[in-house]
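Any read-out appearing in this document is the output of simple, stated calculations on the displayed coordinates, not a laboratory observation. Since the model is a prediction, treat every value here as computed from it, not as a measurement. We place every Cβ from the backbone using ideal geometry, glycine too, and count neighbours over all the protein chains shown.
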Amino acid sequence: MNELPAEEPPAVPPSPARPEVKLVDPAPATPAELARRSAERYDDNEAGLVGASRLGRWLAGWPASKPAGVEGDLVVLQLDPALGELPYVAEAPGVRVYHAAEITRLLEPRNDGVTAIGTAPANGVRIDSFMRRFDIHPNHDFVLFVAGEGSATSLATLARAWLSFRYWGLDHERLGVLNGPVAKVVPAGQRRATVAAHPFTGTRRIVTEERDHFALLADVGAVRAAIGRDLIVDARPADEHAGAAFGASALDETCLDGAPLCTPVFSGRIAGARSLPSASLLEDEGAFKPRDAIASLVAAAGVTPARTAYVYDLEGYGSALVAFAFLAVVGQPARWYAASYLEWGALNASHPEPALRALAAESPWRTDRFPELTEGASAWADVARGVRPLVFDGAAARSTLVQESDAKYKQNPPPLPAVGAGQDGC
């Protein structure tokens, strides 16, 4: 690592303009309206973070025990099989279960108008293809995301899927994440050796969800504007928050020399960010701690419902866990900065190696303004490891292209994509 220069940084330019985005819903949801507080016992929840006992009651009699307002099926999407002879949640009357490794495709790299790095909720075609694959009726069915084996990564994958569906307008009351893996929390009597094939028969589309939840996703411009006004929460380990270490992404291969495990270009944290490591919210085996324990950690970090929290980490996994916990467990208004520090820590024009300068010196999107925009920065990434984002327009007027594109998709959707067995994509 190379030490950062000590010279006086240039003045911070005004935040780029953020025009109003015309959306389908005339009354877009605010972060406060998207937040829900969990029951003290997750087994008492009928949506959000769902306990195993609640799932057991649903499997024993879905028609009689389904949540109020849900007319359709319980669609269980299981990310991976549990080990052993009974790897899957059992089907039952009104309950459909699928092995859904495609959950990982609910997020993808998107062009936000400035760069494409990290991930954001998948575009409308991919979401519609996903719903067609699993025959999901977004206004009728209840979708439950579950993992077979437990890990922080698998739970974060489920949280990312939940956030993606919420972003696209699905009601909180029609979505859930099972707290804990099938291998640990679902008894053998509620498990089976096989699951049904993907039906590919869905006819309903995400455009039937007219609710506008696009405020859930925070772009780099929104985060810049939040500095000094709202709460910013860093879900990375404490040493990365302090600027003493570089996180390495196993998911990004846009390093300068194509090596895996890319890092941000400079260390540090977004100015004013409070530390709340995602690992602190979890128990072993890929499950969240009890609600009140999480609430205590959130309060200790100085996060209160009176202000919206902008949540980031390295690459959008740990931040998904924290954003989910905020929105579905403790009822904290939040926006998820999915591109996270992998994007923020790359938008520079001053790295000693010119090849790692993503922006021109005059770009309004530079985040290498120390300490006005980035605090705790103490080192540059090595040339071989520093991430090299795909920059579309370093002089762009806004970074809301993802939300704008998705709003246009809802207003004028193309023909339903044809997706069948054996085809790639969702």
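With contacts taken as Cα pairs under 8 Å at a separation of at least 6 residues, the stretch 164-249 carries a relative contact order of 41 percent. The packing ranking of peptides 175-182, 211-218, highest mean first, is 175-182, 211-218, where packing means the average number of other beta carbon atoms within 10 angstrom of each residue.
Here the contact order of the chain, divided by its residue count and restricted to Cα pairs under 8 Å and six or more residues apart, works out to 25 percent. For K410, a cut-off of 12 angstrom between C-alpha atoms picks up these aspartates and glutamates, skipping any fewer than 8 places away in its own chain: D25, D128, E209, E210, D212.
The angle between the Cα long axis of helix 152-167 and the main principal axis of the chain comes to about 90°, on a 0 to 90 degree scale.
Relative to the longest principal axis of the Cα atoms of the chain, the long axis of helix 318-328 makes an angle of roughly 60 degrees. The Rg/Rh ratio for the stretch 139-198 is 1.00, where Rg is the radius of gyration of the alpha carbons and Rh is the Kirkwood radius. Extension gain, T104 to A395, is 101.6 nm, computed as 0.36 nm per intervening residue step minus the present C-alpha separation. Less than 5 angstrom separates the built amide H of A379 from those of L4, S267, all sequence-distant by 5 or more or on a different chain. Compared with the dominant Cα axis of the chain, that is its longest principal axis, helix 52-65 is turned about 50°. Measuring between their Cα centroids, the stretch 59-101 and the stretch 347-370 lie 49 Å from each other. In the stretch 218-336, Cα pairs under 8 Å separated by at least six residues give a relative contact order of 30 percent. A Förster distance of 25 Å, applied to the separation of the beta-carbon atoms of L416 and H172, puts the FRET efficiency at 0.45.
Suppose the chain between E210 and R36 were pulled fully straight at 0.36 nm per residue; how much longer would it get relative to their current alpha carbon spacing?
60.6 nm
The helix-only estimate of mean residue ellipticity at 222 nm for the chain, built from DSSP H runs of length n ≥ 4 each weighted as -39500 (n - 2.57), is -6500 deg cm²/dmol after division by the residue total.
Ranking request for peptides 295-303, 87-95, 121-129, 59-67: highest mean number of other beta-carbon atoms within 10 Å first, then the rest in descending order.
Descending packing order for the listed peptides: 121-129, 87-95, 295-303, 59-67.
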